[in-house]
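Some notes on the structure that comes next.
The values are calculated or read from the model by the stated rules, or taken from the named source; none is laboratory data. Everything numeric here is computed off the predicted structure, so don't read it as measured data. All Cβ positions, even for glycine, are placed from backbone atoms using ideal geometry, and neighbour counts span all protein chains on display. Please note that ligands, DNA and RNA were not included when accessible areas were found on the heavy atoms of the full protein model with its side chains. Shrake-Rupley method; radii C 1.70, N 1.55, O 1.52, S 1.80 Å.
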Amino acid sequence: MTRKMMTGNEAIARGAYEYGVRLGAGYPGTPSTEILENFARYPGIYAEWAPNEKVALEVAIGAAMAGARALVTMKHVGVNVAADPLLTLAYTGVNGGLVLVAADDPGMHSSQNEQDTRHYARLAKVPVLEPSDSQEAKDMVGLALEISERFDIPVILRTTTRVAHSQSFVQVGQRQEVPLRPYQKDVQKWLMVPAFGRLRRQALEQRLSALREYAESAPVNKIFPGEGKIGVITSGISFQYVRELLPGASILKLGLTYPLPEQLIKKFAAGVDRLLVVEEQEPFLEDHLKQWGIPCAGKAIFPAMGEFSTALLRRCLQQAGILPAAAAEGAPDLSDMPAAPVRPPVLCAGCPHRGVFYLLNKMKLLVTGDIGCYTLGGLPPLSGIDSCVCMGASIGMAHGIGQVAPELGRRTVAVIGDSTFMHSGLTGLLNVVYNRGSSVVLILDNSTTAMTGHQDHPATGRTLLGQEAPAVDMVALVRALGVPHVVTVDPLDLKAMQQALEEALAADGPAVIIARRPCVLLRKLPPNPVAVDEDKCTGCKTCLKLSCPALSVVDKKCRVDSIACVGCNLCVQVCKFAALQAAQRGETNA
Amino acid sequence: MLEKLDILLVGVGGQGTILASKILVNAAAAAGYDIKMSEIHGMAQRGGSVVTHVRLGSAVSSPMVEEGRTDIILAFEQLEGLRWLNYLKPGGSMILSSQVIYPVPVLAGLAAYPENIPGYIAARVPDTLVIDALQAALQCGNAKAANVVLVGALAARLPLERALWEQALKETVPPRLLEVNLAAFAAGYEYRKS
Ligand SMILES: Cc1ncc(C[n+]2csc(CCOP(=O)(O)OP(=O)(O)O)c2C)c(N)n1
């Protein structure tokens, strides 16, 4: 065995490999993405990106039904998408073990909301395991598979951003080949018509009560004895903070947080003077304890919102009088510190999405947006998007606007990325066609899933395992859905783009514009920086409205950072004084 | 062996902070430390601030260093050094690259880049070392090695043998860039204020 530093995500991939998982499926989403990317590199396994989380889970269910160990990965909001099959999967159960990794993002480092996946575990009535470092992340994949097979139920492995993306040592072992469990036709188990569903509903209750019993002695529910004055019940990353802040406390660390070991918790609670529940996000453990009549303090002391940290918990413990108030330690006075301007993420220099938002803003359209790099086009100074709810929402929302306010609808455009269109845009567009809407949809096709780190999808022509694949013909696909007006334009050609938008808005019925140009990070262009003619530059700053990281105006003259600039020439088109010039080269940027 | 050492590496996406953290972790791992490291990626890939927390010790629990309790900040850019200054403990050390990278709101004229950041920091943190890492890296033959110049400056202050660092460099950088990086490391290790 060798010791290796691994992120939680690398460790989960390693665990899946070592514990004989044959199939991994998922849809990218921070902080879960690297699990499948790492898993895909191991020999003798099969891995795929599905177009969305629901499909990914359904694929894994098939693999488990056929008797293989299967893994499915997603971020917390992906569980919403996969919830439909998940809740019935709890009824059918599995054959080979099935683990669903859900990565929560407290503090919303890169998500549109916070949600606590443990609520889904309870809703679906499936067990949930929570690792607190990379070693546990690896080990718990094995345990989850074991529980899944032993109790005939899918298991959720819930991580959080901090566990997924932090590194600690992991003991690396060998792969253990797990033979396929034979498949036997059993319609009462797998065919959920109401009569069989009712039987499986009862079976689920029995499996859950067996799991409750198992939880009482599960080795992942572990007591770290202390002095007994303060007792803490905790799980996940919070355990690490508690260990550091309260070295003398007795700790009950719950690795299995649903279903909970009621007897163990009651016994632990009885042995301490004062009981704290330290859990990130929702009062999930606390609610259970209160329901059992166990006096404890949780959210009265620690917040239910945002991410925990040692500093935050230290302040909470000080306020509650559990830790002494901080003595001033001669820290430097920083009260006169100059304001540090924020460094927000921006669309890259040369990003093909940039010009689109410049135009949408200039044309004063209502823009329903979606999730991807291009969501950044909603921030000033581009300010080209009005909304962003969840993946795939843009098209449905534009249709809704058009149905109740036709005038507004005629000035509304939905924007959606290519990966997002494959994920859940198709059905929205089909709905527009079917219900006689006339929405204009702009598909921003940069030939990748850029936001999460350039994953492939059904329109890129490549799979997660690096094989070539048939790339869906987007134009034909959109036509096949029944859209009469479909055009493709280069989003770096502002004039063509504006014309396409005007025609689409004037068209009768639904219209789709495919703005196609690969992500600038995919195709490294030869540097071809724009040149400034300082005699012509008036310092008007119009070019700065593009929010391009390569452009600035210093001493009333535009300046182009020749290292950052890739020569997309958008600024050349925006400049009214012809002060910006595409550098003369033999080739163009096409 | 140190009981505990908390280091924050801060910079701008694309500056090589992650590689620098890897070199540090490899050297410390070879010396037998328990280590935890934490970084947040995602939106940061699009030119935003990046920060890596590295904690060494005999046994480490939390993967994150704490505000006001960090031993050393290694800052790859001036403004980022300022932004994280409150993480330093009283008596802590700042190693600050003098490099400046303007955030987009500054480029767009919507915000001002503070003046004389090194002076402000040095006035409050007696143990501040300001390094022109970019220039030093250029002299070694590659501006991209500025991150390793800073690693060298950090190495000179830690009780880890120099050979461990050089071995860690060999494990992390591609062979064709090793020579430049070893030179950059030495430049940082032997850096003297002129
Ligand atoms: C249900 C759900 N799954 C995953 C994510 C994570 N995520 C955010 S944007 C995105 C896709 C972005 O790709 P694309 O639409 O092609 O736009 P691009 O970033 O390439 O511009 C993903 C997977 C999410 N927000 N919601």
>> Keeping every protein chain present and rolling a 1.4 Å probe, give me the accessible area per residue for the stretch A:213-338 in Å².
In response: 44
>> Just want the answer: with Cβ charges of +1 for Lys and Arg and -1 for Asp and Glu, which residue in A:MET108, A:GLY67, A:ALA564 is farthest toward the dipole's positive end in chain A?
In response: A:GLY67
> Roughly how many Å² is the accessible area per residue of the stretch B:48-160, as a whole number, for a 1.4 Å probe?
Replying inline: 33
> Between the stretch A:149-221 and the stretch A:39-87, what is the C-alpha centre distance in whole Å?
Replying inline: 14
> If you plug each phi of the stretch A:399-404 into the Karplus form 6.51 cos²θ - 1.76 cosθ + 1.60 with θ = phi - 60°, what whole-Hz ³J(HN,Hα) values come out, in order, with x for Gly and Pro?
Replying inline: 4, x, 4, x, 6, 9
> Could you state the principal axis extents of the C-alpha atoms in the stretch B:1-109, from the largest down, to the nearest angstrom?
Replying inline: 48, 28, 22
> Hey, which lysines would be in cross-link range of A:LYS556, C-alpha to C-alpha under 24 Å, not counting anything within fewer than 8 residues on its own chain?
Replying inline: A:LYS362, A:LYS536, A:LYS541, A:LYS545, A:LYS576
> What ³J(HN,Hα) values, in whole Hz, does the Karplus curve 6.51 cos²θ - 1.76 cosθ + 1.60 give for the stretch A:333-348 when θ = phi - 60°, with x put for Gly and Pro?
Replying inline: 7, 10, 5, 9, 5, x, 4, 8, x, 5, 10, x, x, 9, 4, 4
>> Please list, ordered by chain and number, the residues whose modelled amide H lies under 5 Å from the amide H of B:VAL50; skip anything fewer than 5 residues away on the same chain.
In response: B:GLY11, B:VAL12, B:GLY13
>> Based on alpha-carbon atoms only, what is the radius of gyration of the stretch A:42-100 relative to the globular estimate 2.2 N^0.38 Å?
In response: 1.07
>> Exceeding 32 Å between C-alpha atoms, which entries from my cross-link table qualify? They are A:LYS54/B:LYS22; A:LYS54/A:LYS189; A:LYS54/A:LYS185.
In response: A:LYS54/B:LYS22
> What Kirkwood radius, in Å to one decimal, follows from the Cα pairs of the stretch B:39-183?
Replying inline: 16.7
> Considering only chain A, what is the antiparallel percent among its DSSP beta bridges, to the nearest 5?
Replying inline: 30
> Taking amide H positions as placed 1.01 Å from N in the peptide plane, with prolines and chain starts having none, which residues 5 or more places from B:ILE131, or on another chain, fall under 5 Å of its amide H?
Replying inline: B:LEU96, B:SER97, B:SER98
>> Let me make sure I get this right: for the stretch A:277-428, a, b and c are the square roots of the gyration tensor eigenvalues over alpha carbons, sorted descending. Under 1.5 in a/c it's rounded, otherwise prolate if a/b > b/c, else oblate. Which is it?
In response: oblate
> Using a 1.4 angstrom probe on protein heavy atoms only, which residues from the stretch A:1-24 are buried by at least 10 Å² of accessible area when all chains are present rather than their own chain alone?
Replying inline: A:ARG3, A:MET5
> Could you name the aspartates and glutamates in cross-link range of A:LYS495, using Cα to Cα under 15 Å and dropping any fewer than eight places away on the same chain?
Replying inline: A:GLU503
>> Over the Cα atoms of the protein assembly as shown, what radius of gyration and what Dmax do you get, in Å?
In response: 27.8, 84
> Ignoring ligands, DNA and RNA, what percent of the 1.4 Å accessible area of chain B is carbon and sulfur?
Replying inline: 52
> From the square roots a ≥ b ≥ c of the eigenvalues of the alpha-carbon gyration tensor of the stretch A:501-557, which class results: rounded (a/c under 1.5), prolate (a/b over b/c), or oblate?
Replying inline: oblate
> Within straight cross-link reach of A:LYS290, meaning Cα distance under 23 Å, which lysines are found once same-chain residues fewer than 8 apart are removed?
Replying inline: A:LYS125, A:LYS222, A:LYS229, A:LYS253, A:LYS266, A:LYS267, A:LYS299
> Got a number for carbon plus sulfur as a percent of the stretch A:1-78's accessible area, 1.4 Å probe?
Replying inline: 54
>> Explain nothing, just compute: Karplus ³J(HN,Hα) = 6.51 cos²θ - 1.76 cosθ + 1.60, θ = phi - 60°, for every residue of the stretch A:448-459 in order, whole Hz, x for Gly and Pro.
In response: 5, 9, 6, 3, 8, x, 6, 8, 7, 8, x, 9
> Given a 1.4 Å probe and every protein chain left where it sits, what share in percent of the accessible area of the stretch A:131-258 is carbon and sulfur?
Replying inline: 53
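How high is the relative contact order of chain A, given as a whole-number percent (alpha carbon pairs under 8 Å, six or more residues apart)? If you can, show how the numbers build up before the last one.
On the way: 1262 pairs, mean separation 61.3, N = 590.
After rounding, I find 10 percent.
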> Using a 1.4 angstrom probe on protein heavy atoms only, which residues from the stretch A:297-340 are buried by at least 30 Å² of accessible area when all chains are present rather than their own chain alone?
Replying inline: A:THR310, A:ALA311, A:ARG314, A:GLU329, A:PRO332, A:LEU334, A:ASP336, A:MET337, A:PRO338, A:ALA340
>> What is the distance in Å between the Cα centroid of the stretch A:398-445 and that of the stretch A:298-341?
In response: 46
> What does the accessible area per residue of the stretch A:441-590 come to in Å², with a 1.4 Å probe and no ligands, DNA or RNA counted?
Replying inline: 50
>> Rounded to the nearest 100 Å², what is the buried accessible area between A and B, both sides summed, probe 1.4 Å?
In response: 4400
